[in-house]
Structure formats: structure tokens, C-alpha cells
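Scroll down for the structure; my scribbles are underneath it.
The values are calculated or read from the model by the stated rules, or taken from the named source; none is laboratory data. Predicted, not measured: the structure shown is a model, and the values here were computed from it. Please note: Cβ atoms are built from the backbone with ideal geometry, for glycine as well, and neighbour counts cover all protein chains shown. The protein model used for the area step is the full one, side chains on, heavy atoms only, and it has no ligands, DNA or RNA in it. Shrake-Rupley method; radii C 1.70, N 1.55, O 1.52, S 1.80 Å.
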Amino acid sequence: MDSQQAKEILLSYRPGVDDAKNPAIVAALHQLEQDPELANWFQQVQETDQAIRHRLREMPVPLDLKQRILAEQKIARPDFGWQRRIRIIAVAAAIILVGVLSTWMFFRSSRNGLNAYRADMVRYVSTSYNDRFIKATSFDELRQVLAARQWPTDFVVPDQLQSVTVVGGGAVEWKGHKVALACMKEGRHGLWLFVIEKSALSDAPRTETPRVEPVDGTPTAAWSQGGNAYLFTVQGDEAFLRKYLPLKQ
């Protein structure tokens, strides 16, 4: 189980309520011990949930609320003090609901955002993927194989990569979206270019200017062109990566 899968399980896990012996939950909790960043994220989620529960407990509810509601069904008698308290409760509930929805939307966005995609793709090329590897000796040949598999081929290869050796690629899937992968070599260094539709990312790059960000020590760069989002990473340092980026920096 990777950290992204653990997040999806832990988002619905309620300590003390859900069965902690569930194999999926056990595996997700074990992942917390292996990933400090995931552990910090889970702690923030728990603190947010605790704050919401605390606010709900503090909401003032009239002790005779049930009797008042039943009485109002029989006698139409104004009680402005009681109505004011009900309005306060309704406003407080609305504020809490907005907070809950905002938190949910934030975590949903983070699961489908550029950082999650970047980390997953770096992890993908860091592990063995021989069973899904496409052999090709040029970008044109790679496009032909991808087209035969009904995979996107409308990506633009930066001029700086035209001189490297193409060794193949891959037809990758990420959260139900198709990703075209070009694999290259330059000496003993591996180079990888991922292309996905911008609409697949909740916060896709907005410009054609590459933005360099490391992932666990691995340099990466992301940019957009047309309707696609590009992610480039190498087996080397940031200086080596920058040699192959588009000139719009």
C-alpha cells in the first residue's frame, strides 16, 4: 500500500468508532509509521475533526426545544427570544457545514492535484514497470504504439530532448486518466516525460514556463502547453534536469 491509498482509507477512518482490526485500516495505520509526511497529514485531519466535534458540542440547544416545537404546532404564539436562539443555532450550523465542506474539498483537491500526480509518477519510474514497458527507438515510433492502444499522442517534445536516445515509453493510467510516458537515456542517466490532460489535475500548471520542484530528492519540472500538462524528471540533479527543459524559463 502506498501513501496515497492510505490517505483515501484514513479519510473515512474514525478512531474509536471504526474497527481498527480491519486489514485495510491496519495497513493504512502501519503506513503512518513509514511516512512522516503522511503521519503529519493524518494528525491535521484528526485535529480538524476534533475541532468540528468540539464546536458541535458547544452549540447551545434549549432544554425545552422539543416542548416548544410541539407547542408551536398547536398555538401560533410568537416567542422572539426563542426564535433568535434558533437563528443563532442555524447560523452556527451553517458555518460549521461550510467548514466541513471546505475541508473535504481541500483534501479531495489534494488527492487529484499536481503534487500527488508528481509524487506518484516519480514513484512509478522508481519501481520496476517492465511488464508495461513499450519498446521504441524514436518519438514517432512511440506515438504509433500509443495510438494503436488508443492512448493520447498529441504531446510536444521539447527541442532540448530531440537529441537524446529514446528507449521506449508507457501507456500509464492515473486515477482513471490516460498518461503518455516517453522514456529516454543520456549516458547513464534516465529521463522521463509524462503527458496528461490538464483537466485531469485540479491545479494543473497554468503557464508554459517549467516550475522545478523536488520529490524526495528527485528533481522534477511541470508546465502546460495546449490542453496538456507536462511533467519531466531525470536520474540526476537539478542542473542536469534544467539542461532539457523548454527555454521558456
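So the values come out like this:
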{"quantity": "Accessible heavy-atom area order of Glu208, Glu47, highest first, probe of 1.4 Å", "calculated": "Glu47, Glu208"}
{"quantity": "Under-5 Å amide H pairs with Gly113, H placed in peptide plane, nonlocal only", "calculated": "Ser202"}
{"quantity": "Arg149 accessible area, assembled protein chains, probe 1.4 Å, Å²", "calculated": "120"}
{"quantity": "Percentage relative contact order, the range 135-227, counting C-alpha pairs under 8 Å, at least six apart", "calculated": "19"}
{"quantity": "Whole-percent carbon and sulfur share, accessible surface of the range 123-249, 1.4 Å", "calculated": "46"}
{"quantity": "Amide H contacts of Ala229 (H built 1.01 Å from N, under 5 Å, at least 5 apart or other chain)", "calculated": "Ile196, Glu197, Lys198"}
{"quantity": "For Glu141, solvent-accessible area (1.4 Å; no DNA, RNA or ligand), Å²", "calculated": "70"}
{"quantity": "Links that overshoot a 23 Å alpha carbon limit, given the list Lys178/Lys198; Lys185/Lys243; Lys7/Lys135; Lys7/Lys185; Lys7/Lys175; Lys178/Lys243", "calculated": "Lys7/Lys135; Lys7/Lys185; Lys178/Lys243"}
{"quantity": "Solvent-accessible ranking of Thr137, Thr209, Thr218, largest area first, probe 1.4 Å", "calculated": "Thr137, Thr209, Thr218"}
{"quantity": "Rough spin-label spacing in nm, given labels placed 7 Å along Cα→Cβ, for Arg149 and Glu173", "calculated": "1.2"}
{"quantity": "Cβ-Cβ FRET estimate between Val164 and Ser126, R0 fixed at 22 Å, reported to 0.05", "calculated": "0.65"}
